[in-house]
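Heads up: the structure comes next, in structure tokens.
The values are calculated or read from the model by the stated rules, or taken from the named source; none is laboratory data. Because the structure is a prediction, the values reported are computed rather than measured. Cβ placement follows ideal geometry from the backbone for every residue including glycine, while neighbour counts extend to all protein chains displayed. Surface areas here come from the heavy atoms of the whole protein model, side chains and all, with no ligands, DNA or RNA. Shrake-Rupley method; radii C 1.70, N 1.55, O 1.52, S 1.80 Å.
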Amino acid sequence: MRLDVVTIFPDYLRVLDLSLIGKAAGTGLIDLVVHDLRDWTHDRHRTVDDTPLGGGAGMVMRPDVWGEALDTVLDLPADPTAAREAVTARRGTGTRQVLVVPTPAGELFTQRTAEDLAHADQVVFACGRYEGIDARVPEHYRELGVEVRELSIGDYVLNGGEAAALVIIEAVARLRPGVLGNPGSVVEESHSEAGLLEYPVHTRPVAWRGHDLAVTWPGLLSGDHPRIARERREQAIARTVARRPDMVARLEAQRLGAGDRAA
Ligand SMILES: N#Cc1c(N)n[nH]c1-c1ccc2c(Cl)cn(Cc3cccnc3)c2c1
């Protein structure tokens, strides 16, 4: 998998070199390339923004600079007709290229989104700042036939797309075979297929500062694995009910929907 990140703060992504992603990049499992958007400017001040058309506060990132950058990174000719043909031909060879544009106005990024993106051959992240990237940029690449995903990592406000790109990259890259040392850990996780939060985890010592698992959760130490699995599921359900009523509602709706289909 190739990951490209276009940003005016390339150093923001250097943290990826420290993580499993950096190791995966070293072994060729993941090719990570970070690009400085300003490399596609042509003025002395390397300008990437301008005032908003229609007025309003702040600055908006220029479509011309982003267009040149994304044409290069997506390996598309500037001519729209030739670009459409290139996208079609690439899709015909089974190569899946996705342009991810982090935005507060995006569809919510979830584990399902990560699982989907993990099947792409190339994911390009357009990380903007200021008040955002000119809206014609994602629109342009969608019209060329590029798979464009405008994504938000949650209902809170960040200053730009780089933090979101870090979150999405970690969630996606860890799903790629070979990236995680222990592939089993991808199976039993919060937001897993079961739609429940993860059960609480413990390790030695059994008794710690008065918290004695032999007293509070003796089943965990029983060696009775069916019992442990059952009690862990009970804990996962209790956590989900207490912390994520939205997930419980979704599970209930799915159950009722399945019941209707079976009737
Ligand atoms: N993904 C995500 C995400 C999230 N969950 N919160 N904020 C963002 C995000 C992503 C991209 C940008 C770009 Cl480009 C500029 N800003 C600053 C901003 C803040 C408020 C309104 N308009 C622009 C971004 C914020």
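A dipole drawn for the stretch 2-173 from +1 and -1 charges on Cβ atoms has a positive end, and of ILE8, VAL33, ALA173 the residue lying farthest that way is ALA173.
For the pair GLU147 and ASP260, label points projected 7 Å from Cα toward Cβ lie 2.9 nm apart. Under 5 Å between amide hydrogens, built in the peptide plane, is the criterion, and for GLY106 it picks out SER152 among residues at least 5 positions away or on other chains. At q = 0.25 Å⁻¹, what log₁₀ I(q)/I(0) does the stretch 188-262 have when each alpha carbon counts as one equal point scatterer in the Debye sum? Scattering profile of the stretch 188-262, log10 relative to I(0): -1.14. Relative to the first principal axis of the alpha-carbon coordinates of the chain, what is the inclination of helix 225-243, with its axis defined by its Cα atoms, in degrees from 0 to 90 and to the nearest 10? So the inclination is approximately 60 degrees.
Estimated at 0.36 nm per residue, the fully extended path between ASN159 and LEU251 surpasses their Cα-Cα distance by 29.8 nm. Summing charges over neighbours of ALA118, with a neighbour being any other residue whose Cβ is under 10 Å away from its Cβ, gives 0 when K and R count +1 and D and E count -1. With a cut-off of 19 Å on the backbone N, the residues of the stretch 232-260 near the modelled label site 7 Å out from THR216 along Cα-Cβ are 232-243. If you take all other residues with their beta carbon under 13 Å from the beta carbon of ASP155, and give Lys and Arg +1 and Asp and Glu -1, the sum is -2. Close amide-amide hydrogen proximity is noted between ASP49 and ARG62, each under 5 Å apart and 5 or more residues distant or on a separate chain (H modeled in the peptide plane; Pro and chain starts excluded). Near MET59, the amide H atoms lying under 5 Å from its own belong to GLU131; only residues 5 or more places off or on other chains count, and H is placed 1.01 Å from N. Summing Cβ point charges (Lys, Arg +1; Asp, Glu -1) relative to the Cα centre of the chain gives a dipole of roughly 1060 debye.
What's the carbon and sulfur percent of the chain's accessible surface, probe 1.4 angstrom, rounded to a whole number? The computed percentage sits at 54. Restricting the stretch 41-121 to trypsin sites (Lys or Arg not before Pro) that sit in a DSSP loop and have at most 12 other Cβ atoms within 10 Å of their own Cβ leaves ARG44. Excluding ligands, DNA and RNA, the accessible surface per residue across the chain is 58 Å² with a 1.4 Å probe. Computed from Cα atoms, the angle from the helix 162-173 axis to the main principal axis of the chain rounds to 60 degrees. Remark on the chain: ratio of C-alpha radius of gyration to 2.2 N^0.38 Å is 1.24.
For the chain, give the share of DSSP beta bridges that are antiparallel, in percent and rounded to the nearest 5; count only bridges with both residues there. So the antiparallel bridges in the chain amount to around 15 percent. Among residues other than GLY54 whose Cβ falls under 13 Å from its Cβ, what is the net charge (Lys/Arg +1, Asp/Glu -1)? Cβ neighbours under 13 Å give a net charge of -3.
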